[in-house]
Amino acid sequence: MSQFISVFDMLKIGVGPSSSHTLGPWRAAQQWIQKLKETNEFLLIEEVKVDLYGSLSLTGKGHATDLAVLLGLSGADPEYVPIESIDVIISDIQNKEQLFFNNERNIPFLKDSVKFNREFLPFHANGMTFRGYAQGEEISTETYYSIGGGFIVQEDDHLAEDIEINKQNFPFPINRATELEAYCERESLNISDIVYQNELVINSAEEIDKELHRIWNTMLECMYIGCHTQGTLPGGLNVKRRAFETHQKLIKDAEYTNQQEWITAIRGTEVKFREILKWVSCLALSVNEVNAALGRVVTAPTNGSAGVIPAVLMYYLVIENHDADFEHVKKFLLVAGEIGSIFKKNATISAAMGGCQAEIGVSSAMAAAALTELLGGTPSQCLVAAEIAMEHHLGLTCDPIGGLVQIPCIERNAMGAIKAINAAELALETNPKESKVPLDKVIDTMWETAKDMNRNYKETSEGGLAVTVRLADC
Ligand code: SF4
């Protein structure tokens, strides 16, 4: 059965540093509260405890999972909470050992109320259990799993959800890349047109435009903030923010007062090969520095890989096509979202399940296909681009130092963005009929590789750089 995953499921506005370890747990806390309300238990709860399991526990401190849970339990929404209020909410809870439960009433919340458990739950590597107590009795126990990209499920509900979503009548049900390609061929349409027709089943044209505008504006703002903020990232690794200085060197004395003028200013800068490399890298770094500083980003498809898509889209806007407008942005995001959803349906976008190939590899494939369409490639060439981008990320492990989404994560976004552009150019010179590796095969390979990958390399910080370079040594 084909699942429908909207482009808005793949590109979600949230808060850094991690979609699976921050956004997912945050959403799970919100969902638990919603359930308590439905069962009329919310007002009975006098105490709350949370257990984090597996990868959520092993890298939870560095990924701010405990803080995300506190924010969710406080009733803050990751899309809208003012970033500057986050510290205030957290320190209030920690100092008073009291939680303003769902922004409605105070309950005690002791320092050890969020427990980090090393064991893994069998269903998924990112498990968490919320427990609610009344008069000393545990009256509510709910376990959620954060399955990547901010998606959360409970063990028994995801099949039911899929069935509910699939009752809708989508003109182009898509599970595999070959199906998408066949629709494009049969209808003589681009990938973005096919995706748009499906999206129209669940959202009006106005809603789609409005949401895509919001997503793009969030990406743009994120790059802007990242390029104009200096200092050191939080967490103890003492990583210096690099986008600021690189941006200063590239933009020189160009004048601008807002983000739109900034785009024009960049278009006026020198863009030889080296400058292009530096611009793309700088834009990718800027997003992931904001992400690492718990700023607002768009999961694309995850927070750790949030820099690839904005950087490649900006590359198109400021280097490739100075006349580009929102229609180009829209096409790009529609294609990217669909490619990401095919990876999610057939493999994973969770580093705890598949390592970094599932994050940076997928984001690079999404960006490569989207760029190829904007550069005039056929739908088949777009799929070739996605395949090339993923093929050369296969096996990439996840080993963040100190469990922080900083090293290797931030630079890795620059590499993923450059590879996406390279993959698009290679695909544009490829006859898809002569391509030996179809996208679906590379997705299957990625999933097999994910299953074979040692647990130490799946967002546990128990292998790779996280072991050879210790936080204490930095
Ligand atoms: S190494 Fe890759 S997958 Fe792991 S946290 Fe960093 S960006 Fe995400």
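The values are calculated or read from the model by the stated rules, or taken from the named source; none is laboratory data. As the structure is a computational prediction, the values presented were derived from the model and not from experiment. Quick reminder, even Gly has a Cβ in these numbers, built from the backbone with ideal geometry, and neighbours come from all protein chains shown. For accessibility, only protein heavy atoms count, side chains too; no ligands or nucleic acids. Shrake-Rupley method; radii C 1.70, N 1.55, O 1.52, S 1.80 Å.
Determine which member of the set Thr257, Thr229 is surrounded by fewer than 17 Cβ atoms within 10 Å (Cβ to Cβ), in contact with a Lys or Arg (Cβ under 8 Å, 6 or more places away or on another chain) and outside any helix (DSSP H, G or I).
After applying the criteria, what remains is Thr229.
Within the stretch 425-446, which residues are assigned to a helix (DSSP H, G or I) and open to solvent by 70 Å² or more (accessible area, probe 1.4 Å)?
Glu425, Leu426, Lys433, Glu434, Lys441
For the stretch 311-346, how many residues meet the condition of being basic (Lys, Arg) and within 16 Å of the ligand (Cβ to nearest atom)?
Summing the residues that are basic (Lys, Arg) and within 16 Å of the ligand (Cβ to nearest atom) in the stretch 311-346 gives 1.
Please go through the stretch 377-402 and give me each residue that is closer than 24 Å to Ile174 by Cβ, open to solvent by 30 Å² or more (accessible area, probe 1.4 Å) and in a loop (DSSP other than H, G, I, E, B), ordered by number.
Thr378, Leu394
Restrict the check to the stretch 367-387 and report whether at least one residue is polar (S, T, N, Q), within 16 Å of the ligand (Cβ to nearest atom) and either in contact with a helix residue (DSSP H, G or I) (Cβ under 7 Å, 6 or more places away or on another chain) or closer than 16 Å to Ala347 by Cβ (or both).
Checked the stretch 367-387: no residue is polar (S, T, N, Q), within 16 Å of the ligand (Cβ to nearest atom) and either in contact with a helix residue (DSSP H, G or I) (Cβ under 7 Å, 6 or more places away or on another chain) or closer than 16 Å to Ala347 by Cβ (or both).
Test Ile349 against the stated conditions and say whether it is part of a helix (DSSP H, G or I), among the β-branched types (Val, Ile, Thr), within 16 Å of the ligand (Cβ to nearest atom) and in contact with a strand residue (DSSP E or B) (Cβ under 9 Å, 6 or more places away or on another chain).
The answer is no for Ile349.
Among the residues of the stretch 14-35, are any within 16 Å of the ligand (Cβ to nearest atom), assigned to a strand (DSSP E or B) and crowded, with 21+ Cβ neighbours inside 10 Å?
yes
Please pick out the residue among Glu199, Glu211, Glu187, Glu221 that is at pLDDT 95 or above, open to solvent by 30 Å² or more (accessible area, probe 1.4 Å) and more than 30 Å from His247 (Cβ to Cβ).
Glu187
All but one of (1) at pLDDT 95 or above; (2) more than 16 Å from the ligand (Cβ to nearest atom); (3) within 22 Å of Ile418 (Cα to Cα) hold for Tyr256; which doesn't?
(3)
One residue is enough: does the stretch 281-293 have a residue meeting the conditions open to solvent by 20 Å² or more (accessible area, probe 1.4 Å), more than 16 Å from the ligand (Cβ to nearest atom), in the same structural domain as Val469 (by TED's automatic domain parsing) and not acidic (Asp, Glu)?
no
Among the residues of the stretch 447-471, which ones are of a type in the set (Lys, Arg), farther than 17 Å from Gly235 by Cα and not in a helix (DSSP H, G or I)?
Lys458
For the stretch 448-464, how many residues meet the condition of being within 12 Å of the ligand (Cβ to nearest atom) and within 22 Å of the chain's Cα centre (by Cα)?
Matching residues across the stretch 448-464 total 7.
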